[in-house]
Amino acid sequence: MFVNNPLSGLIIFAGLILQNPWWALNGFVGTMFATISALILQQNRGAIAAGLYGYNGILVGLLMAVFSEKGDWYWWLLFPNVFMSMACPIVSSALASINSKWGLPVFTLPFNILVCLHMVATGHYNRYFPQVLIKPIASTPNLTWSDVNVGMLFRAVPVGIGQVYGCDNPWTGGIFIVALFISSPVTCLHAIIGSASGVLSGLALASPFQNIYDGLWSYNSVLACIAIGGMFYALTWQTHLLAVACAFFCAYLGAAIGNVMSVFGLPACTWPFCLSALTFLLITTDAKAIFRLELANVTYPEENLKNYKKMRKLERMDLKDIQISG
Amino acid sequence: MFVNNPLSGLIIFAGLILQNPWWALNGFVGTMFATISALILQQNRGAIAAGLYGYNGILVGLLMAVFSEKGDWYWWLLFPNVFMSMACPIVSSALASINSKWGLPVFTLPFNILVCLHMVATGHYNRYFPQVLIKPIASTPNLTWSDVNVGMLFRAVPVGIGQVYGCDNPWTGGIFIVALFISSPVTCLHAIIGSASGVLSGLALASPFQNIYDGLWSYNSVLACIAIGGMFYALTWQTHLLAVACAFFCAYLGAAIGNVMSVFGLPACTWPFCLSALTFLLITTDAKAIFRLELANVTYPEENLKNYKKMRKLERMDLKDIQISG
Amino acid sequence: MFVNNPLSGLIIFAGLILQNPWWALNGFVGTMFATISALILQQNRGAIAAGLYGYNGILVGLLMAVFSEKGDWYWWLLFPNVFMSMACPIVSSALASINSKWGLPVFTLPFNILVCLHMVATGHYNRYFPQVLIKPIASTPNLTWSDVNVGMLFRAVPVGIGQVYGCDNPWTGGIFIVALFISSPVTCLHAIIGSASGVLSGLALASPFQNIYDGLWSYNSVLACIAIGGMFYALTWQTHLLAVACAFFCAYLGAAIGNVMSVFGLPACTWPFCLSALTFLLITTDAKAIFRLELANVTYPEENLKNYKKMRKLERMDLKDIQISG
């Protein structure tokens with residue numbers, strides 16, 4: 001969730017335990033083994049310490065537990081969990097080799113790949129590791145606007161933020177918002193805008209209300225809006241608007257990917273976030289106000305903005321020097 | 001359709017109105033908003049003026065109307081149309097960043113991505129924006145060679161050219177042929193060869209005759225044959241044969257992609273054209289007669305050929321100079 | 001199968017004839033036309049002579065015959081066989097253009113693409129070229145550990161090696177092992193380890209026993225283990241362990257891809273091998289013992305190791321020279 005702050009990390013973990021201790025345990029195992037595997041493979045120490053290998057691991061462990069049909073405390077699940085977490089740094093490293101040609105991050109692609117890999121390899125009918133049944137839509141849902149619960153729509157905003165970690169508890173979502181605010185207010189703001197965009201998109205595309213209430217339309221937009229709004233682009237008015245556009249595009253893409261994946265019995269995971277954010281980061285433009293940071297300089301929105309302003313100031317001074325000396 | 005000529009463009013638009021004014025309106029809205037969005041994103045002015053952003057927009061608007069289950073004059077459709085058209089330059093720009101590493105154009109990939117995105121996000125059972133029902137083949141079609149109508153097979157050639165814009169009216173196809181001939185006779189010739197290759201492939205692969213008559217086997221081959229035959233390669237005998245091979249490969253690929261996409265309720269769009277043409281443009285060879293033009297120098301076949309001949313002449317003169325001075 | 005040795009090649013071909021002469025004939029036709037097409041396209045002569053274009057051709061011809069519903073000696077099948085084999089060098093060349101940006105080989109990707117293309121373009125219900133019916137799993141298989149036949153599990157190891165060429169005869173597999181041993185003992189060892197990893201993975205993921213016995217869990221792991229174990233990486237303890245990890249990852253991926261492809265009525269082919277080996281070759285690491293060879297220097301494990309040791313020795317001598325002169 002782009003939070004580079006130990007306190008925020010702890011709060012998020014507390015939120016996970018509040019939601020479901022078994023899921024939190026699986027997330028912990030995932031982080032640990034992903035980090036161990038990264039150490040064995042002698043990946044970059046700085047990146048490991050910053051948790052770049054851990055955050056895909058936590059998601060892999062967590063979501064494998066969330067989508068398991070066997071319910072909580074099915075201890076055998078730890079085996080594929082350990083295996084997949086250890087494969088995390090391998091997939092991360094391979095994807096980084098590809099994406100670095102365009103200066104792009106890998107986001108949560110390793111998590112998406114590995115969770116989908118596990119789920120589709122086993123499937124709903126597996127004897128040892130059955131997955132929750134997910135089926136394509138086969139009839140028109142019955143929607144009447146009088147049924148809509150406006151309170152639940154507002155509640156969907158924090159729920160959507162919680163769904164980033166597969167949690168449908170609004171209090172968990174609230175805790176995540178606090179953690180985000182501590183880490184970076186800009187990130188927190190974009191998370192809320194992103195979640196609201198998802199809710200609006202769900203209404204516009206005639207989604208069953210329950211899916212909107214559960215935050216399923218929001219969590220990808222949350223991540224996409226954070227990534228574009230100040231994290232990988234320096235925050236200006238233009239990139240702020242781009243972030244809002246990306247949040248809506250991401251929600252649309254989420255519906256599309258959800259339907260495609262359901263054919264294979266898979267959830268959308270955070271594929272929509274990854275693909276929409278990567279698309280918006282690949283834009284080339286003549287506009288100076290849309291400035292993509294180099295991957296090595298990405299920290300958090302406030303710091304990014306400071307560095308960007310410094311850079312622009314130096315540029316202008318150079319220009320003046322040239323004019324004077326000219 | 002690689003036509004860089006205002007008169008030809010007007011004739012094509014007239015053909016669209018003849019086919020269906022509601023589709024033409026949607027195409028117009030698509031072009032307009034794609035262009036506006038490209039201006040907002042400060043994309044290259046030359047490329048915008050040449051219509052490089054518009055041509056994906058017209059296809060997005062048009063095909064969203066063609067595949068809508070709600071029929072003509074369903075005004076709400078303009079909302080997703082505007083949204084998707086405005087997303088066009090973003091996707092185009094992102095794809096161009098990727099493809100430019102190999103000096104490849106984006107063709108109609110943004111159109112394919114965005115129309116499929118809209119169609120699969122909503123689907124056949126959507127309340128607001130239902131799509132035409134497309135299903136995988138589930139039984140062997142009954143084909144008897146005595147049923148084949150040779151006249152209809154010949155008629156399929158212009159119909160296939162019309163299907164590039166989703167039009168199944170042979171007169172519309174005829175108008176397009178005239179427009180192509182005005183713009184470039186070489187393009188026109190390859191369009192006809194491509195369309196005929198599609199018809200032959202349909203017969204060879206045991207397609208139901210109606211699909212062949214409707215030009216569904218042809219339109220991708222038309223585009224692929226034009227692209228390889230003189231447009232992105234300088235026209236020589238070798239590249240002409242390559243273009244014919246590409247047309248057949250594209251028709252085969254079209255059947256494959258059509259079957260894959262039908263699982264998701266999607267049409268093949270022009271994916272087969274994009275993928276086959278990109279494959280044939282990625283070939284590296286020691287043959288001097290297969291010369292791929294740089295993307296910036298691509299205009300139209302006749303002009304490309306002139307430039308290529310000039311270049312070869314200069315090369316030979318340089319060689320002579322070296323021999324003399326040697 | 002990474003065998004660069006005419007005698008081993010002949011033995012493998014003998015194994016094919018033993019399995020099924022019609023399949024062998026199709027393989028031969030595939031090789032021949034792939035090579036002819038490569039010559040026409042003026043591809044690199046050295047690569048053609050080394051059989052780099054032929055090996056995808058043999059697989060294309062072979063597997064098109066294996067998966068044809070019409071059974072043996074259906075002579076019409078030679079038409080698509082010739083067409084697809086001739087498309088082989090085109091797809092190979094295009095993929096090589098992409099993969100060479102990362103110094104990666106194309107492996108059997110052209111074969112996978114072309115066989116899947118043919119199979120999904122025609123499908124089970126095609127009148128001329130029907131394919132074997134492949135369907136997604138729709139119920140939990142009944143597994144009782146008392147039913148397991150340990151002898152058959154051991155027999156699955158050579159069968160799995162035979163399945164690389166679609167052969168389920170253990171004697172054919174045995175012949176292939178001999179051919180591999182003649183060519184390179186290291187390759188032979190990794191083939192056996194890979195096949196065994198596949199068997200173990202099948203048991204761990206609750207596969208129906210028959211699939212394991214038939215070697216369907218093994219053949220991808222065989223290829224992946226060979227590729228990583230000494231072929232594209234210099235053989236050290238670290239890369240040997242990486243090869244074992246890759247074999248397990250590949251088996252897991254094989255189950256996943258098999259399930260995804262079955263939705264389209266397709267077999268997994270060797271997609272799992274290609275994707276897992278490419279992933280493991282894309283890893284970047286600070287570990288000096290994981291050394292990827294340049295594509296042009298890849299020969300066979302024993303030779304690769306000799307070159308690698310020579311290089312390391314030279315490096316150390318340089319270091320000493322610097323220390324002395326320092």
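The values are calculated or read from the model by the stated rules, or taken from the named source; none is laboratory data. Quantities reported herein were computed from a predicted structural model and do not represent experimental measurements. Methodologically, a virtual Cβ is constructed for each residue, glycine included, from the backbone with ideal geometry; neighbour enumeration extends over all protein chains shown.
For region B:238-295, enumerate the residues that are surrounded by fewer than 20 Cβ atoms within 10 Å (Cβ to Cβ), in a loop (DSSP other than H, G, I, E, B) and among the small types (Gly, Ala, Ser). Scanning region B:238-295 gives B:287, B:289. For residue B:136, are the conditions met, namely being of a type outside the set (Val, Ile, Thr), closer than 23 Å to residue B:199 by Cα and within 14 Å of chain A (Cβ to nearest Cβ)? The answer is yes for residue B:136. Examine region A:307-325 for a residue that is more than 19 Å from the chain's Cα centre (by Cα) and in a loop (DSSP other than H, G, I, E, B), and state whether such a residue exists. There is no residue in region A:307-325 that is more than 19 Å from the chain's Cα centre (by Cα) and in a loop (DSSP other than H, G, I, E, B).
In region C:120-133, the qualifying residues are those that are within 8 Å of another protein chain (Cβ to nearest Cβ), closer than 16 Å to residue C:63 by Cβ and out of contact with any Ser or Thr (no Cβ under 6 Å at 6 or more places or on another chain), and the one that is surrounded by the most Cβ atoms within 10 Å (Cβ to Cβ) is C:122. Kindly check whether there is at least one residue in region A:49-63 that is more than 20 Å from the chain's Cα centre (by Cα) and outside any helix (DSSP H, G or I). Checked region A:49-63: no residue is more than 20 Å from the chain's Cα centre (by Cα) and outside any helix (DSSP H, G or I). In region B:177-185, the count of residues that are within 12 Å of another protein chain (Cβ to nearest Cβ) and either assigned to a loop (DSSP other than H, G, I, E, B) or among the polar types (S, T, N, Q) (or both) is zero.
Of the residues examined, residue C:51 is one that is more than 24 Å from residue C:254 (Cα to Cα), buried (at least 18 other Cβ atoms within 10 Å of the Cβ) and either touching a strand residue (DSSP E or B) at 6+ places or on another chain (Cβ under 7 Å) or not aliphatic (A, V, I, L, M) (or both). With respect to being within 11 Å of another protein chain (Cβ to nearest Cβ), among the charged types (D, E, K, R) and without any contact (Cβ under 8 Å) to a residue 40 or more places away in the chain, residue C:321 falls outside the description. Considering (1) buried (at least 22 other Cβ atoms within 10 Å of the Cβ); (2) touching a residue at least 12 places away in the same chain (Cβ under 8 Å), the lone condition that residue A:100 does not fulfil carries the number (1).
Conditions tested, residue by residue: (1) in contact with a strand residue (DSSP E or B) (Cβ under 6 Å, 6 or more places away or on another chain); (2) more than 30 Å from residue A:283 (Cβ to Cβ); (3) among the polar types (S, T, N, Q).
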| position | (1), (2), (3) |
| --- | --- |
| A:62 | no, yes, no |
| A:72 | no, yes, no |
| A:77 | yes, yes, no |
| A:104 | no, no, no |
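Against the test of being crowded, with 16+ Cβ neighbours inside 10 Å and either more than 14 Å from chain B (Cβ to nearest Cβ) or assigned to a helix (DSSP H, G or I) (or both), the options C:143, C:189 yield a single qualifying residue, C:189. Only residues that are among the small types (Gly, Ala, Ser) and free of Cβ contacts under 8 Å to residues at least 12 places away in the same chain were counted in region C:132-187, giving 4. For region B:80-114, residues that are out of contact with any Cys (no Cβ under 6 Å at 6 or more places or on another chain) and within 14 Å of residue B:266 (Cα to Cα) total 3. Tell me, which residue of region B:84-100 that is more than 7 Å from every other protein chain (Cβ to nearest Cβ) and within 18 Å of residue B:283 (Cα to Cα) is farthest from the chain's Cα centre (by Cα)? Step by step, filter region B:84-100, then rank; the result is B:100.
Kindly provide the set of residues from region A:276-317 that are among the charged types (D, E, K, R), free of Cβ contacts under 8 Å to residues at least 60 places away in the same chain and within 14 Å of chain B (Cβ to nearest Cβ), ordered by number. Passing the criteria: A:286, A:288.
With respect to the numbered conditions (1) within 14 Å of another protein chain (Cβ to nearest Cβ); (2) modelled with pLDDT of 95 or more, which one is the sole condition not fulfilled by residue B:273? Of the numbered conditions (1) within 14 Å of another protein chain (Cβ to nearest Cβ); (2) modelled with pLDDT of 95 or more, the odd one out for residue B:273 is (1). Is one or more of the residues making up region B:108-115 hydroxyl-bearing (Ser, Thr, Tyr), in a loop (DSSP other than H, G, I, E, B) and away from chain A (no Cβ under 13 Å)? Yes, there is a match, as at least one residue in region B:108-115 is hydroxyl-bearing (Ser, Thr, Tyr), in a loop (DSSP other than H, G, I, E, B) and away from chain A (no Cβ under 13 Å). Determine whether residue A:296 is under 26 Å from residue B:96 (Cβ atoms) and over 15 Å from the mean Cα position of the chain (by Cα). Answer is yes for this residue. When you look at residue C:30, is it under 20 Å from residue C:131 (Cβ atoms) and not in a helix (DSSP H, G or I), yes or no? No: the conditions fail for residue C:30.
When you scan region B:54-66, do you find a residue that is within 14 Å of chain A (Cβ to nearest Cβ) and either touching a Gly at 6+ places or on another chain (Cβ under 8 Å) or in contact (Cβ under 8 Å) with a residue 24 or more places away in the chain (or both), even just one? Taking every residue of region B:54-66 in turn, at least one turns out to be within 14 Å of chain A (Cβ to nearest Cβ) and either touching a Gly at 6+ places or on another chain (Cβ under 8 Å) or in contact (Cβ under 8 Å) with a residue 24 or more places away in the chain (or both).
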